[in-house]
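Here's the structure we're looking at; comments come further down.
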Ligand code: SAH
């Protein structure tokens, strides 16, 4: 049985529906991808078929915790997977868009010291269906409630390194684009800087955005903050970014978590500005969230603003990213790390979550 019903191809689904009228395949596919329905809710199907599909088309994500903050504009889930691994998904509503932030791996092998997920180590890659299902769950939630919204954007910025699980992530992107109907221009892959992966992305046909978690623009500091830099140093990373920029003509962005006294100095801004100008990159600044394994504080607001203003005066397009969900420990891998969340909705499959040893 697949990990998730969203791991099934159309052919797999046709196999499950053998003996049924041919049109059922398209009917079920549309119910899953366009209407985000559970098999039990597919009322156009005969009851017995609904019951059978519920058995043979499992969902992969069991809610362990769900927390809502920012007046309902941020929803964060901690999910248990069938094997007990856990991952997070976040849905964020903005005035002009609704964005899902999805995980691509359970854990992460990149070992960035300041990142809660990196501190916990690598568990496994997610399957295509486990990635797609996060987007479907977020879409469904976005469409509920008194003011329904349409999920418009997906960022691969949850747990894990997307380019270290390239084939599955790219297959998920195709599904999200072709079957869930999101524009490729509204999808963003965020990477620590896996150069071969960036080059592969540059050669793909879909114009997906690239975000690079830079955090330092000299090799000495970056070797320390983002260990993969020792394998793919800045010169190679910038060359790969240029490749992507040239082939896709999509905006490149640099992510920069401002760490007090570490990468928020005048020289850091100057080094970053030089690279950002050359690659016409937009810079997203975010004050570091202190995590249990890296107690260094994020830069205080006045240093964040000064850093942003310095970048702007050097001709760089820079914004400070609002840090969503911090009051519920929902920022950057902290939900799983802390487990101290308020359950706002009962777990649909409590027995399974309990077996997985989660709260
Ligand atoms: N592995 C990918 C995607 C997941 S991390 C990547 O590194 O891009 C998503 C973003 O959150 C990255 O920019 C990462 O550097 C940042 N991040 C991780 N831990 C953080 C923390 N404690 N405070 C602020 N940003 C953090």
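Read the figures in this text as sums done on the coordinates, not as results from a lab. Quick caveat, the model's predicted, so the values are computed rather than measured. A quick note on method: Cβ atoms are made from the backbone with ideal geometry, for glycine too, and the neighbour counts reach across all protein chains shown.
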query: Remind me, relative contact order of the stretch 1-159 in percent, using alpha carbon pairs under 8 angstrom and six or more residues apart?
result: 22 percent
query: Over all directions, what mean area does the Cα convex hull of the stretch 77-134 project, stated in square nanometres?
result: 4.7 nm²
message: Could you order the peptides 4-16, 188-200 from most to least packed, using the average number of other C-beta atoms within 10 Å per residue?
response: 188-200, 4-16
- prompt: With axes computed from alpha carbons, what is the tilt in degrees of helix 47-56 against the longest principal axis of the chain, rounded to the nearest 10 within 0 to 90?
  reply: 40 degrees
field: Gyration tensor verdict on the stretch 1-137 (Cα atoms; rounded if a/c is under 1.5, prolate if a/b is larger than b/c, oblate otherwise)
entry: prolate
task: Express as a percent, rounded to the nearest 5, the fraction of DSSP beta bridges in the chain (both residues included) that run antiparallel.
output: 50 percent
message: Let me make sure I get this right: for the stretch 112-212, a, b and c are the square roots of the gyration tensor eigenvalues over alpha carbons, sorted descending. Under 1.5 in a/c it's rounded, otherwise prolate if a/b > b/c, else oblate. Which is it?
response: oblate
query: Given Cα pairs under 8 Å that are at least 6 residues apart, what percent is the relative contact order of the chain?
result: 17 percent
query: Taking every pair of alpha-carbon atoms in the stretch 5-56, what share in percent sits in each 5 Å bin, from 0 to the bin with the longest distance?
result: 4, 22, 37, 30, 7
query: How large is Rg/Rh for the chain, to two decimals, with Cα atoms and a Kirkwood Rh?
result: 0.98
field: Tilt relative to the chain, helix 301-313 - C-alpha long axis, 0 to 90 degrees, to 10
entry: 80 degrees
- request: Treating each Cα of the stretch 205-309 as an identical point scatterer and ignoring solvent, apply the Debye formula and state log10 I(q)/I(0) at q = 0.19, 0.22, 0.24 Å⁻¹.
  value: -0.97, -1.21, -1.36
message: I'd like to compare 166-173, 90-97, 73-80: which one has the highest average count of other Cβ atoms within 10 Å, and what's the full order after that?
response: 73-80, 166-173, 90-97
message: Quick check on the exposure proxy: order 101, 59 from fewest to most C-beta atoms within 10 angstrom.
response: 59, 101
